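What follows is a single structure, written as structure tokens, with notes after it.
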There are 2 protein chains.
Amino acid sequence: MTDKQPQIHNDKDARDKVWGMIKDIRIALMVTQDQTGRLYARPMAAHQERFEEELWFYTDINSPKISEIKDNHHVLLSYSDPSSQNYVSINGKAQIVRDRGKIREFWSEHLRTWFPKGVDDPNIALICVKVEEAEYWDSPSSTFLYAYGYIKARVTGERPEGGENEKVEFKASHG
Amino acid sequence: MTDKQPQIHNDKDARDKVWGMIKDIRIALMVTQDQTGRLYARPMAAHQERFEEELWFYTDINSPKISEIKDNHHVLLSYSDPSSQNYVSINGKAQIVRDRGKIREFWSEHLRTWFPKGVDDPNIALICVKVEEAEYWDSPSSTFLYAYGYIKARVTGERPEGGENEKVEFKASHG
């Protein structure tokens, strides 16, 4: 039993596929690490209509993930939807952005739920994740066998019939 | 806006709650890190009927996660179910187990899908994750507002009405 790597793509179709899956699953667990290498995760949703190899998240500047990202900017976004058996893992570099123009750019009024003071709240910050690599597992079927099948695809490198495990590489489009 | 921590529990009810959510969501993304601190994730399902502060996963001894776990045994299990708005993040220490007795203990015939040679395949190994801490976000409602509410609970430490963000500590019950 060999341990083959998934096929790697870096074309527009592959990026569109990843963005489509992210938009459908919507909520990621954002995984950060502290100075000791301990991992932390919390649910987060990206706030943007388009995808240009960056994902943008609103946060409170006082939240623990801010210091974790300052310590280590490598983050992972874990998207899972067991009902559709779609799984996406995204690697990227996170950056804290306090630029008021950017904060206004992605603002929408439903964000007032978290930031009752509105877009000018000085505690609002953005986390920009520059996507470096994405892996996804998807299934045309909703049967349980396929769910297992996709795990197999990763564990053994053998792709189950009808399923996909693909790796998508991203070139940074911004400095 | 303060950054309060979620309430911490270490009683049996809290552990049972975590195990119930894991069993329902079923598939985790297991996050490991390599020597450079880069994070990797892949879908995995635990293979056991009961939960005693350890989670057991079957794997191929030649898969990349084996060397990642040997480099750094801190792993994170990310469970998400957007349809029920349930999210669980589990921190633990992973250990590679090649004991044939243990491999037989959790074996069931559906595992033949990945290991066609059966339980005596010498490439089968187990990953035992000793759970150290779990955080969960759940919702009694399936409305979108609640999904956001749970994110808020983590970002700001303010618990939305009707929802929970709880932290559960585990004491290792085994050496």
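Coordinate-derived values only; no laboratory data. A quick note: this is a predicted structure, and the numbers were derived from the prediction, not measured. Neighbour counts run over all protein chains shown; Cβ positions are idealised from the backbone, glycine included.
Listing B:Trp114, A:Trp137 from the residue with the fewest other Cβ atoms within 10 Å to the one with the most, what is the order? Before the final figure, lay out each step's value.
On the way: B:Trp114 21, A:Trp137 27.
Lowest to highest Cβ neighbour count: B:Trp114, A:Trp137.
Can you list the copy-to-copy distances for A:Glu132, using a point 7 angstrom from Cα toward Cβ, in nanometres, shortest first?
2.3
Just to verify a number: FRET efficiency for A:Arg50 and A:Ser83, C-beta to C-beta distance, R0 = 30 Å, to 0.05? The partial results should precede the final answer.
Working: r = 26 Å, r/R0 = 0.87.
After rounding, the FRET efficiency stands at 0.70.
Averaged across the residues of B:70-78, what count of C-beta atoms belonging to other chains lies within 10 Å of each residue's C-beta?
4
For label points placed 7 Å from Cα toward Cβ, what is the shortest-first list of nm distances from A:Lys70 to its copies?
3.8
Which FRET efficiency value, to the nearest 0.05, is calculated for B:Asp11 and A:Asp120 with the Förster distance at 45 angstrom and r the Cβ-Cβ distance?
0.55
Report the Cα centroid-to-centroid distance between the stretch A:111-141 and the stretch A:28-99 in angstrom, as an integer.
Here the two parts' Cα centres lie 7 Å apart.
Of the peptides B:68-74, A:77-83, A:127-133, A:94-100, how do they stack up when ordered by the mean number of other Cβ atoms within 10 Å, highest first?
Top to bottom by mean Cβ count within 10 Å: A:77-83, A:127-133, B:68-74, A:94-100.
Using 1/(1 + (r/R0)^6) with R0 = 51 angstrom and r between the beta carbons of B:Arg26 and A:Arg100, what's the FRET efficiency to the nearest 0.05?
That gives a FRET efficiency of 0.75.
Mind checking the dipole of the stretch A:1-111: about its Cα centre, +1 per Lys or Arg Cβ, -1 per Asp or Glu Cβ, Debye to the nearest 20?
180 debye
Past the 18 angstrom mark, what percentage of all C-alpha to C-alpha distances in the stretch B:17-77 do you count?
Of all Cα-Cα pairs in the stretch B:17-77, 37 percent lie more than 18 Å apart.
Let me check I have the definition right: for the stretch B:1-113, take the eigenvalues of the Cα gyration tensor, multiply each by 5, take square roots. What are those semi-axes in whole Å, largest first?
Details: eigenvalues 126, 77, 39 Å².
For the stretch B:1-113, the semi-axes come out at 25, 20, 14 Å.
Hey, which of these cross-link pairs are over 31 Å Cα-Cα: B:Lys93/B:Lys117; A:Lys102/B:Lys17; A:Lys167/B:Lys167; B:Lys12/B:Lys102?
Where the Cα-Cα span goes over 31 Å, the pairs concerned are A:Lys102/B:Lys17; A:Lys167/B:Lys167.
Could you give, in nm with one decimal, how far B:Glu52 is from each other copy of that position, shortest first, with labels 7 Å out from Cα toward Cβ?
Result for B:Glu52, in nm, nearest copy first: 5.6.
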